[in-house]
Each structure stands twice: as C-alpha cells, then as structure tokens.
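Chemist: A single structure is presented below for examination.
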Amino acid sequence: MSDETPRFLRACRGEPLDRPPLWLMRQAGRYMPEYQKVRAAAGSFMNLCRTPDLCVEVTLQPIKRFGFDAAILFSDILVPAEAMGAEVEFVTGEGPKIRNPFRHEDDLARFHTPDPREAAPYVFEAVRGIREALGPETPLIGFVGAPFTLMCYMVEGGGSKNFEHTKELVLGRPELADQLIDLITSYSIEHAVAEIEAGAQAIQLFDTWAELLSPPAYRRFCLAPANRFFREVRARVGYA
C-alpha cells in the first residue's frame, strides 16, 4: 500500500499510522452556520436529504472548514425506511415520525425491498457528486442504520423514551421481529452496495438502540443481522 493512500482508508485496513484519522461523526455538522443556512433554504429536512446538490454542499462543508481526513455522506438512517414504504416526516421540535408504523403481522405486506437505485436515486446521485468534488485525497464514508435500530423507528413510529412497542414485539413475538429485521437487512444490504457502487469507500452501520437489549437478544436481533449485512456486502462488492 503506497503512502499516497488516504490516512482514513489505511486505518480501515489496519495499517500503522502517524496519527489516528479525524472525521466528523455528525455528518455535516448540524450546528455549523453554513449548514443552518442550507437547511433553511431547503424548507424541510427530508427535502434536504432528497436534493443531491444540497447533500453535496453540506457534506463538503466540514471538509472545507476543518480539513478532516474523511467526509460522511449527508443523508439519514430513515431514508431506507422510506424507500421500503414507511411514511417518514420530520416534525419541528419533535424529530422523525413514521405515520404508518409496523405493529402487526399484516403490516409486513406494506414494507418491501425495492431496488434502492429506483426507490432512493437521490442518495446515489449525491454520492457520485461528493466523490467527484472530494477528489482522491479525501475518502467518503457511506452509512445505513443497523437493522435493529431501523426496526425501532419503524415499530415505534419515531423516537421513544421507553420503546414499549419494540419491547412487546421482541419479547412477545420474536419470530415476527425476526421477519421484519430480515426484511430490513435485505434492503440495507442493497442500499449499502449501491452506495459503494456510486463511490463510497467505507460503510458505517449505526446501531443507536442496541443498548435496549439483553445479551441474548442482542446476539439475535443485532449481532446476527450485522454479521449477515457485512458478510453479504463484502461478497457483493468483491472484498474478501
């Protein structure tokens, strides 16, 4: 591996470095004035996520200001949920809302695994634009929400303090929870592969709500889907 390989990618491959790579976990830096200006002009958060040119602009803002070692795609973990059939809205002061949450076995028919390039083409257009604007020096990190975390939002209908519906599903109907997580995992794999094909050079899997589970439940509903996700994504993109 040559010294010209960006520091972040060398870290991903376990190579020794002069220092750890730095990047901004919170994507565009949502408290930056540059971001706030673009967010206001977009009209809504989801409209910002669906507008490739604006996604390119806000993804590049932290790189221009701070010169980080990697950029993170501006998107949201609920974009895949919307692509699968969830009715997603971001309510000012309340956060994300899903207007048709998953609550019963019959709800499985409302969610599906489309081709992400058709269901969410704006994501991959943004990836291509960001990759072109960054040049070879700065890698681009793509991401998806981990299947369990996405399931929490889809079952609760948004954020939650106690996650009553999710706990009822996981503890009372674990086989149904397995079915929903399998569906989410299948789409998430396709979405991540499409991000990589468009130019993302690394993929993060965000599991915000894994802490809700006991160790056995974690292994079933978080670890097993994550292992399947990475195994299949790696095989699809030819990374041994």
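Just so you know, all these numbers are worked out from the coordinates, no wet-lab data involved. What you are looking at is a predicted structure, and each value in this text was computed from that prediction instead of being measured. No Cβ is skipped: glycine too gets one built from the backbone with ideal geometry, and neighbour counts run over all protein chains shown.
Chemist: Let's see if you can work this out: charge +1 on each Lys and Arg Cβ, -1 on each Asp and Glu Cβ, no other charges. What is the dipole magnitude of the chain about its Cα centre, in debye to the nearest 20?
Modeler: 500
Chemist: Could I ask something else about it? For the chain, give the share of DSSP beta bridges that are antiparallel, in percent and rounded to the nearest 5; count only bridges with both residues there.
Modeler: 40
Chemist: Sort 78-84, 5-11 by the packing proxy (mean of other Cβ within 10 Å over each peptide's residues), most packed first.
Modeler: 78-84, 5-11
Chemist: Right, another one. May I ask for the distance between the Cα centers of segment 1-71 and segment 158-193, given as a whole number of Å?
Modeler: For segment 1-71 versus segment 158-193, the Cα centre distance is 29 Å.
Chemist: Okay, moving on. How high is the relative contact order of the chain, given as a whole-number percent (alpha carbon pairs under 8 Å, six or more residues apart)?
Modeler: 20
Chemist: On a full-extension model of 0.36 nm per residue, what is the gain between ARG231 and PHE163, subtracting their alpha-carbon distance, rounded to one decimal in nm?
Modeler: Computed gain between ARG231 and PHE163 is 21.6 nm.
Chemist: Points 7 angstrom from Cα along the Cβ direction at GLU94 and SER44: gap in nanometres?
Modeler: 1.3
Chemist: Among all helices in the chain defined by DSSP H, which have a length of 18 Å or more along the axis from Cα atoms plus a Kyte-Doolittle mean of at least -1.0?
Modeler: Once both thresholds are applied, what remains is 52-66, 121-134, 174-198, 224-237.
Chemist: Mind checking the full-extension length gain between HIS104 and GLU132? Use 0.36 nm per residue of separation minus the Cα-Cα distance, one decimal, nm.
Modeler: Result for the pair: 5.7 nm of gain on full extension.
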